Every structure is written in structure tokens, then in C-alpha cells.
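The values are calculated or read from the model by the stated rules, or taken from the named source; none is laboratory data. Please read these numbers as outputs of a predicted model, since none were measured by experiment. Neighbour counts run over all protein chains shown; Cβ positions are idealised from the backbone, glycine included.
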Amino acid sequence: MLVTSPNASMETETFITVGAALLLLLSLRWIVYQRFPLLVLPRTSFSALFKSAIDIPPEVLSRQIIDTSKKGPVVRIGTNEVVITDNSLVRSLYASFSKWPEWYESPEDKLFYGQLSLFGMTHPKEHSARRRILSNVFSKSLRNSPHVKNVTREILLGRMIREAEIPSGSSVVRNVRPVHEAFDMDFLTAFAFTPTFSTNFLNDSDEFNQFCSWVRELRGGSPDAGKSAKCNLENWCLEMCRAYRAASLLPTHQTISHCTAEALYSAGLQEREVAAEILDHLITAKKNLAVVHTYSVYMLSIYTDVQERIREELRSLSLDTLSIDGLDSLPFFNAVVSEIMRTHTEVKALTPRQVPDAGYLIPQHITGQSTFLPAGTVVSSTREALHSNADIFPQPLCFWPERWMGSSESVNHKLAGKIQPQELRNHLWYFGSGTYGCVAREYALYEIKMLLAATYMEFSTIVVDCPKGIVYDERQVLFPPAEVPVRFQKVV
């Protein structure tokens, strides 16, 4: 008969206890991760476990995302929020996921005229109907539209370039940001209502300053000042809508393609719906598009070698017959535009989407393990995070347009990446993607390219107070201050 010693019994009991405890811990871990699958993801900070990303200032969150994106392509930024930095995954998710209502919806008293614009629409059917109207307005065919050519001739060439004529051999210093804001409002209102009913901010500084004060009060003033500013902006835009509508009802009126007001009225929208949509475009353009113009001039005024190379290409074109098709044929000019779009990241806001009811399983080859995103998870990305990916864009803080060119000078350069230059454009996400991407992409590119070309066909520019310590062979990405004094000189 075998007799088990007390020590052996104790060892067996200890082994069983430890094994049971380990099994319990593994079971609990499995249950927790099944119940809270986002726990497996790297996070921007410890606070992401219990704090929503909405509460974090955009510039702080943006920096956190950049710093932690090295941990993986999917990073947790809030209790129920993740950010994606893998381009293929972003495009896949944004193609089908809906907007996150809590981010885009505003109280009725905050909406212009109490009406939703395309940006604030979260219901798919409503959004789709409005987007169809605007997609026709902002389609690629606008570049050959007689209306757009007329706007370009009168606003860009007439007001912006010719009326700013500088005598040969002379130079003028201008703070370019307000100039670009005034131009952008004149150009966009002419696009929306025709030049006859557009603003004339480039020639009327008092009117422009009044408009700017309303926008400032709307965004950052006291509640009473914000309410008053909103009322003033609504009345201002409504006057332009009514003036255009009255002219469009005359028997002599002819349909104008690619005219925003024409398209919205023709689709049966009511007056306040038309005004709400157009006013949202104007406020957004002042905040975003005008800043791109300033950033472009700022960078080229510092890196004058890039500026001179652009001007050399532009010499093959004439200002009087300047067209977007002609500009599209210039390889270095388009490389510079692409690099400007990649590096310009002043707008750091998220563009959140919501995981549908069935949830979403992220493929294992992207994250290294199958990661399930439960229904209701908020998925976001930022262009700064995507455009700062060093695997795609080596030394992302270097302003190097040649990375977009397929010539030997780019392929053999020490900053050249693994991806061929012609494929890089698939990784440019300036306008977003999917159903809710920027509907005015073609318009924005048209305005950016045409203004940049017209400026450097006529003038050379240099920043008055050039930043110190610039390395010209590996150009740093620099960001313009609030005021950007630039010296303009007529090109001989």
C-alpha cells in the first residue's frame, strides 16, 4: 500500500490552487477583453481609458496621436474612440461608416437660419440628396465651365493680380493672410452668385473688416456678441441670395452651370436652406482654404529655390490664357502643390465615423492580431497622422516636393521612400475620403493652383523677417505666424 507524504499532498494542493488561480485569471482576462475589446489597443494616454477625446484640445490630441502612432495603426484615444493611421484601412472604413452624430450635429439655435447644411447632415438619405446637388456644382467639369472662367478672369486676374500691379523695379510689403481671406470670399461668392452679386472685399477694406469681426465674434465672442454676429452674417448672406434669385427669375436669365445658388434653387430648396448651405461654405473657406494660400506663399517666400523653379516652369504659360489643364501639365508645379497639401496641417480636427450595429473586425495583417471594434465605437483619423507616416513619407517634417516626382532625381534621393512617387497620391488624404469626404475637392484644387500660378507668374516674394536656422538642402516644414509680412516684387 502506497502512503502519500504530507509534503507531497501539500505540493499537490498548492499546484492545484495555483493552476486554478491562473485559469481563473486567464478566464477573467478573456471575459474582460471580450466585454471590452478596446483594452487590447495601445492608447494615447492613461486618461483614454475613462475620458472622451472630445474633451481634449485638438492640438494636444493631434500631438498625442502622432507620438503614439508608432505603437500601431489603431490607437485608442478615448473611452469609446480609436484613431486609425493605416491609409488602406481608413479608406475602407470611411467608405461605409456613417458620421458620428454627437460630433456633427448642432443645436437648432446654433444652425444658420435653423437649417442644416451638408456638413451637419448625419442621416444618410438626407445627406445623399444634398450631396448629389453639390457634387454636380463642384464636379471636375467646373474647370471648363464658362461661368468659372468668367469668375477667374474678373476676380483672380482682375481684382487680385492686375489691380495689385506693382511698377517694375519696385516692391510692396503686404500681410498676406487678410489679402487671401478677402480674395477667397470674393472668389467664392462670385462662384456662388456670379461676379455681379459677389463681395468686393479686395477693394473695400471696411466691409471686409466688418465681416471678419462678425466671424471672430461668432466663434469666440460672448454669447450675446455671438448671437448678434450670427444674425448679421445671416442677413448679409440672405441679401446676396435674394439679389441673385430676383435676377434669376427674369425672362432673360439663362441657366448657369457650376453656380451654387443656381443649383440649389433649381433643386427646389427654400431660400433659407440655400442661404444656410452657402454661408457654411463661406465660413469654412475663410477658416481653411484662405489659410492654405497663405501657407503656400509663406513656404515659397522662404524657400526661394523652389519658387524660382516653379516660375521657370510657368514661363511656358500665359497669364491671359491661364488654365487648369495647362497647369496640370507642369510636373514640378504639381509636385509642390501636393507637398503643400501634405504638410499643411493647421486644421487638426478629427473626422469621426461610427461603427455600425454588426461591429467591425480589423484584419490581422494590419494590427498583428484580429481586433474587434464593437458597434458604436467612434473611429477617426487625421490628415496630420496619415501624412506624418515616415514609412510612406521619409522625414515627414521635410518640405521636399521632389518626393512626388517620378524622375531619377526623386528616386535616387536620400529622402526617397519605398513607395513609387506615382503611388504616393493614394496616401494623400487632405480632402478625406468616402461618402462624407470633401465635396468641393475639385473647386479647392482649382482655386489653389490658379492663385499660386498667377501670383508667381507676376511676382517674386520673400518673407520680410525670415526664420532663423533654416536648412535649405533639407527644407523644414514651417508654419506661418498670425501675421505674414511678405515683400512682393514685379517679375521682369
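Structure values in brief
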item: Residues that are touching a helix residue (DSSP H, G or I) at 6+ places or on another chain (Cβ under 8 Å), hydrophobic (A, V, I, L, M, F, W, C) and not in a helix (DSSP H, G or I), drawn from the range 134-166; result: F138
item: Enumeration of residues in the range 265-314 that are in contact with an Asp or Glu (Cβ under 6 Å, 6 or more places away or on another chain) and among the charged types (D, E, K, R); result: K286
item: Matching residues, the range 178-215, being buried (at least 19 other Cβ atoms within 10 Å of the Cβ) and over 21 Å from A440 (Cβ atoms); result: V179, L202, F208, W214
item: Scope the range 458-484; condition under 21 Å from R311 (Cβ atoms) and either modelled with pLDDT of 95 or more or part of a strand (DSSP E or B) (or both); matching residues; result: F459, S460, T461, I462, V463
item: Matching residues, the range 424-454, being assigned to a loop (DSSP other than H, G, I, E, B), in contact (Cβ under 8 Å) with a residue 12 or more places away in the chain and of a type in the set (A, V, I, L, M, F, W, C); result: L428, W429, F431, V439, A440
item: Residue under evaluation T294, criteria (1) of a type in the set (S, T, N, Q); (2) surrounded by fewer than 21 Cβ atoms within 10 Å (Cβ to Cβ); (3) assigned to a helix (DSSP H, G or I), criterion not met; result: (2)
item: Some residue of the range 137-144 being modelled with pLDDT under 90, buried (at least 16 other Cβ atoms within 10 Å of the Cβ) and assigned by TED's automatic domain parsing to the domain that holds R242; result: no
item: Cβ pairs under 8 Å, 6+ apart, first in the range 455-478 and of a type outside the set (K, R), second part of a loop (DSSP other than H, G, I, E, B) and modelled with pLDDT under 65; result: E474/L415; Q476/I470; L478/P467; L478/I470
item: Residue within the range 170-180 that is charged (D, E, K, R) and over 19 Å from V484 (Cα atoms) present; result: no
item: Some residue of the range 120-136 being modelled with pLDDT of 85 or more, in the same structural domain as I256 (by TED's automatic domain parsing), among the hydroxyl-bearing types (S, T, Y) and crowded, with 17+ Cβ neighbours inside 10 Å; result: yes
item: Enumeration of residues in the range 216-254 that are buried (at least 17 other Cβ atoms within 10 Å of the Cβ) and of a type in the set (A, V, I, L, M, F, W, C); result: L218, A229, L233, W236, C237, L238, M240, C241
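Table: residues versus (1) modelled with pLDDT under 95; (2) under 27 Å from the mean Cα position of the chain (by Cα).
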{"residue": "E239", "(1), (2)": "no, no"}
{"residue": "R245", "(1), (2)": "no, no"}
{"residue": "E262", "(1), (2)": "no, yes"}
{"residue": "Q270", "(1), (2)": "no, no"}
{"residue": "I283", "(1), (2)": "yes, yes"}
{"residue": "N288", "(1), (2)": "yes, yes"}
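Okay, residues lined up against (1) in contact with a Phe, Trp or Tyr (Cβ under 8 Å, 6 or more places away or on another chain); (2) exposed (fewer than 15 other Cβ atoms within 10 Å of the Cβ):
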| residue | (1), (2) |
| --- | --- |
| T345 | no, no |
| L350 | yes, no |
| V355 | yes, no |
| L361 | yes, yes |
| H365 | no, yes |
| Q369 | no, yes |
| V378 | yes, no |
| S381 | yes, no |
| E384 | no, no |
